[in-house]
1. Just to be sure before I move on: is residue 45 open to solvent by less than 60 Å² (accessible area, probe 1.4 Å), of a type in the set (Lys, Arg), touching a residue at least 24 places away in the same chain (Cβ under 8 Å) and farther than 14 Å from residue 20 by Cβ in the structure I sent?
2. Among (1) in contact with a Gly (Cβ under 7 Å, 6 or more places away or on another chain); (2) under 21 Å from residue 110 (Cα atoms); (3) open to solvent by 40 Å² or more (accessible area, probe 1.4 Å); (4) in contact (Cβ under 8 Å) with a residue 24 or more places away in the chain, there is one condition residue 22 misses while meeting the rest; what is its number?
3. Please go through the stretch 4-18 and give me each residue that is open to solvent by 40 Å² or more (accessible area, probe 1.4 Å) and touching a Gly at 6+ places or on another chain (Cβ under 7 Å), ordered by number.
4. Do you know which of the residues in the stretch 70-101 that are open to solvent by 10 Å² or more (accessible area, probe 1.4 Å) and under 10 Å from the mean Cα position of the chain (by Cα) is nearest to residue 111 (Cα to Cα)?
5. Does residue 66 fit the bill of being closer than 22 Å to residue 11 by Cα, within 14 Å of the chain's Cα centre (by Cα) and basic (Lys, Arg)?
6. How many residues does the stretch 58-69 hold that are farther than 16 Å from residue 113 by Cβ and either exposed (fewer than 15 other Cβ atoms within 10 Å of the Cβ) or without any contact (Cβ under 8 Å) to a residue 12 or more places away in the chain (or both)?
7. Given the options 16, 31, 10, name the one that is at negative phi and in contact (Cβ under 8 Å) with a residue 40 or more places away in the chain.
8. Tally up the residues in the stretch 102-113 that are open to solvent by 60 Å² or more (accessible area, probe 1.4 Å) and of a type outside the set (D, E, K, R), please.
Amino acid sequence: QAQLVESGGGLVQPGGSLRLSCASSGIMFSGYLMGWHRQAPGKQRELVARISSGGYTTYADSVKGRFTISRDNAKKTVYLQMNNLEPEDTAVYYCNAPRPGYDFWGQGTQVTVSS
């Protein structure tokens, strides 16, 4: 069964760090793009970061310099290291695997940044 399973979310104080993980199964992984998106309450889902099969990365302007996306093809896992977190980063974070003919999404993991 094809699925993406996120983990690593939680409550953190401003300035803190979290590392999100997304484990893939039943989905072609090593040769394909992977991404992280987020959706805050009352807002549309937005792209946070993407990583190509060759390791090329792109980021939303709002997270550049603070977030780092990476992947481990052997483990079929993609990561999002989030540093210097801000209250505005509070959202549900979703792993995404765009594939020919279909977009796979995880169930999401909640990240709350609050003092």
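The values are calculated or read from the model by the stated rules, or taken from the named source; none is laboratory data. Everything quoted here is computed from the prediction, not taken from an experiment. Don't worry about glycine lacking a Cβ; one is built from the backbone with ideal geometry, like all the others, and counts go over all protein chains shown. Keep in mind that these areas ignore ligands, DNA and RNA; they rest on the heavy atoms of the full protein, side chains included. Shrake-Rupley method; radii C 1.70, N 1.55, O 1.52, S 1.80 Å.
1. Numbers: open to solvent by less than 60 Å² (accessible area, probe 1.4 Å): no; of a type in the set (Lys, Arg): yes; touching a residue at least 24 places away in the same chain (Cβ under 8 Å): yes; farther than 14 Å from residue 20 by Cβ: yes.
No: the conditions fail for residue 45.
2. (3)
3. Initial filter on the stretch 4-18 (open to solvent by 40 Å² or more (accessible area, probe 1.4 Å)): 5, 7, 11, 13-15, 17.
Hit for the stretch 4-18 is 5, nothing else.
4. The first filter runs over the stretch 70-101 and keeps only residues open to solvent by 10 Å² or more (accessible area, probe 1.4 Å), leaving 70-77, 79, 81, 83-84, 86-88, 90, 92, 94, 98-101.
Narrowing the set further to residues that are under 10 Å from the mean Cα position of the chain (by Cα) leaves 70, 79, 81, 92, 94.
Numbers: 70: 19, 79: 14, 81: 12, 92: 6, 94: 11 Å.
Looking at residues that are open to solvent by 10 Å² or more (accessible area, probe 1.4 Å) and under 10 Å from the mean Cα position of the chain (by Cα), I get 92.
5. Numbers: closer than 22 Å to residue 11 by Cα: yes; within 14 Å of the chain's Cα centre (by Cα): yes; basic (Lys, Arg): yes.
Criteria met by residue 66.
6. Within the stretch 58-69, residues that are farther than 16 Å from residue 113 by Cβ and either exposed (fewer than 15 other Cβ atoms within 10 Å of the Cβ) or without any contact (Cβ under 8 Å) to a residue 12 or more places away in the chain (or both) number 5.
7. Numbers: 31 fails: in contact (Cβ under 8 Å) with a residue 40 or more places away in the chain; 10 fails: at negative phi.
Answer to the check: 16.
8. Of the stretch 102-113, the ones open to solvent by 60 Å² or more (accessible area, probe 1.4 Å) are 102-103, 105, 107, 110.
Still in the list and also of a type outside the set (D, E, K, R): 102, 105, 107, 110.
The total comes to 4.
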